[in-house]
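See structure below.
The values are calculated or read from the model by the stated rules, or taken from the named source; none is laboratory data. Given the structure is predicted, the values throughout are model-derived calculations rather than measurements. Cβ sites come from the backbone with ideal geometry, for glycine too, and all protein chains shown count toward neighbours.
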Amino acid sequence: MLMTEFCVTESWFDFFFPFSEGFNSVFPMEKLHSFSPGELITMLCGDQCPQWTRDDIIQYTEPKLGFTRER
């Protein structure tokens, strides 16, 4: 029982507390309460499954190494 309690509560505290303080110095928690969990995930991790069209790729990339926008 003591080992389980240690693993669940105390063992991660030495790692989580400094991370939490560092994160809070960049993104203060009191400022993040107005966002939904989904909005926070998108802000912090970006869109994990972007839907790129051919026009997007042509507009936002610069062809190199002998390639052109036409080829």
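Of all residues in the range 53-71, which are surrounded by 10 or more Cβ atoms within 10 Å (Cβ to Cβ), in a loop (DSSP other than H, G, I, E, B) and not hydrophobic (A, V, I, L, M, F, W, C)?
Those that are surrounded by 10 or more Cβ atoms within 10 Å (Cβ to Cβ), in a loop (DSSP other than H, G, I, E, B) and not hydrophobic (A, V, I, L, M, F, W, C): T61, P63, R69.
Considering every residue within the range 34-52, establish whether at least one is modelled with pLDDT of 90 or more, surrounded by fewer than 11 Cβ atoms within 10 Å (Cβ to Cβ), among the hydroxyl-bearing types (S, T, Y) and part of a helix (DSSP H, G or I).
Among the residues of the range 34-52, not one is modelled with pLDDT of 90 or more, surrounded by fewer than 11 Cβ atoms within 10 Å (Cβ to Cβ), among the hydroxyl-bearing types (S, T, Y) and part of a helix (DSSP H, G or I), which makes the answer no.
Do we have L40 as without any contact (Cβ under 8 Å) to a residue 40 or more places away in the chain and touching a helix residue (DSSP H, G or I) at 6+ places or on another chain (Cβ under 8 Å) here?
yes
Cβ-Cβ distance below 8 Å, separation of 6 or more or different chains: which pairs start in the range 55-71 with a residue that is β-branched (V, I, T) and end on one that is surrounded by 10 or more Cβ atoms within 10 Å (Cβ to Cβ)?
I58/R69
If I filter the range 11-33 down to residues being more than 19 Å from M43 (Cα to Cα) and not in a helix (DSSP H, G or I), which single residue comes out as modelled with the lowest pLDDT?
Ranking the qualifying residues of the range 11-33, first place goes to S11.
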